[in-house]
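For reference, the structure discussed in these notes is given below.
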Amino acid sequence: MNVTRPKRSLQRTNSSSDTRASKKRTSVGPKQPIEYKQWTADDFLVGREIGRGNFGYVYLAREKASGYIVALKVMYKSEILKDHNERQIRREVEIQSSLKHENILRLYGYFHDETRFILILEYAPGGELYQQLQKQKRFMESVASKYARQLTHALIYLHSKRVIHRDIKPENLMIGLNDDLKIGDFGWSVKTDTFDTRRSTFCGTLDYLPPEMIQGLNHDTKADVWALGVLLFEMLTGKPPFEDSRDEEEVCQRIKEADIKYPPNLSRQARDLLEQLLQKRAVDRISLQEVLKHPFITRWLHVEATKEKAAKEVKAK
């Protein structure tokens, strides 16, 4: 993303303090939410920049009183106002602060001053899924299956809260301390009405938009199911299914037709799940509950169980 370099920053620690902040506690924040209080910048020792997002930067920080490591997402009010995104930011905070799930990045609180609006977030030491994918080019099926399963659990939880995410992509997914996937950005999410879960806003990232959104039709939670399919395709192949198109017009046309070219090296089970996720008609897409029962997901569960058992044994020693 193109972000204007901020003219001001939070009070920074020196390099040695930065090192201590990152080493003193490497857990991804508290097991329980930090006790609510009226936060200010003086409550934190702020270290290095660890990411960039809309309207600002993300810094590693340590809460002075507890010693907990967190991430501070610093957004500049001037940028927010310039793009008329006040309502979007307010909605993002309202939604994310109400969510508590192991595969969703926690928002512990927020504060602001004259120029900045600052979110106190759970720290994910593994960084963005996008960065991991760039390094590895593509994931082994066992890894892709694990992340798809964890994202599916998170989406089931979101949808039970009447929240549609609408912008699932590698850049918005974080990797936690135990290599667990966490949804980390809710900028385009929306909470639906009790009796009408459909929405008509055109939003998100082009490569991940479902056919109904490209066609200007109403969309619902099935938009997230489509995005799960695009993500799984990218994790397995290293690129989204429409990236090889000549231009945006061709991308849109291929999405509308669900024109997907599956590489021959995909396993039969992987392709079967992708085909069920990436259905042109939203009503024909596999449900998230059925995703968890699919052989591509269940066949790798024993691998995860073995890894978890080994990790517990090492920790016990």
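Assorted remarks:
- Of everything in region 125-166 that is touching a residue at least 60 places away in the same chain (Cβ under 8 Å) and of a type in the set (S, T, Y), the residue that is farthest from K307 (Cα to Cα) is T152.
- Filter result (over 21 Å from P170 (Cα atoms) and in contact with an Asp or Glu (Cβ under 8 Å, 6 or more places away or on another chain)) within region 48-68: R48, E63, K64, A65
- Scope region 229-244; condition farther than 14 Å from Y208 by Cα and either hydroxyl-bearing (S, T, Y) or crowded, with 23+ Cβ neighbours inside 10 Å (or both); matching residues: L236, T237
- For L177, the conditions (1) at pLDDT below 95; (2) surrounded by fewer than 22 Cβ atoms within 10 Å (Cβ to Cβ); (3) within 23 Å of T205 (Cβ to Cβ) are fulfilled apart from (3).
- Number of positions in region 127-148 that are of a type in the set (D, E) and within 17 Å of E171 (Cβ to Cβ): 1
- Residue that is farthest from D167 (Cα to Cα) [pool: residues in region 77-94 that are polar (S, T, N, Q) and without any contact (Cβ under 8 Å) to a residue 40 or more places away in the chain]: S78
- Considering residues of region 228-244 that are assigned to a loop (DSSP other than H, G, I, E, B) and over 15 Å from K280 (Cβ atoms) only, the residue modelled with the lowest pLDDT: D244
- Residue satisfying all of: in region 115-155; aromatic (F, W, Y) and either closer than 19 Å to E92 by Cα or surrounded by 22 or more Cβ atoms within 10 Å (Cβ to Cβ) (or both); modelled with the lowest pLDDT among these: F117
The values are calculated or read from the model by the stated rules, or taken from the named source; none is laboratory data. Keep in mind that what you see is a predicted model, and the values were worked out from it rather than measured. Cβ sites come from the backbone with ideal geometry, for glycine too, and all protein chains shown count toward neighbours.
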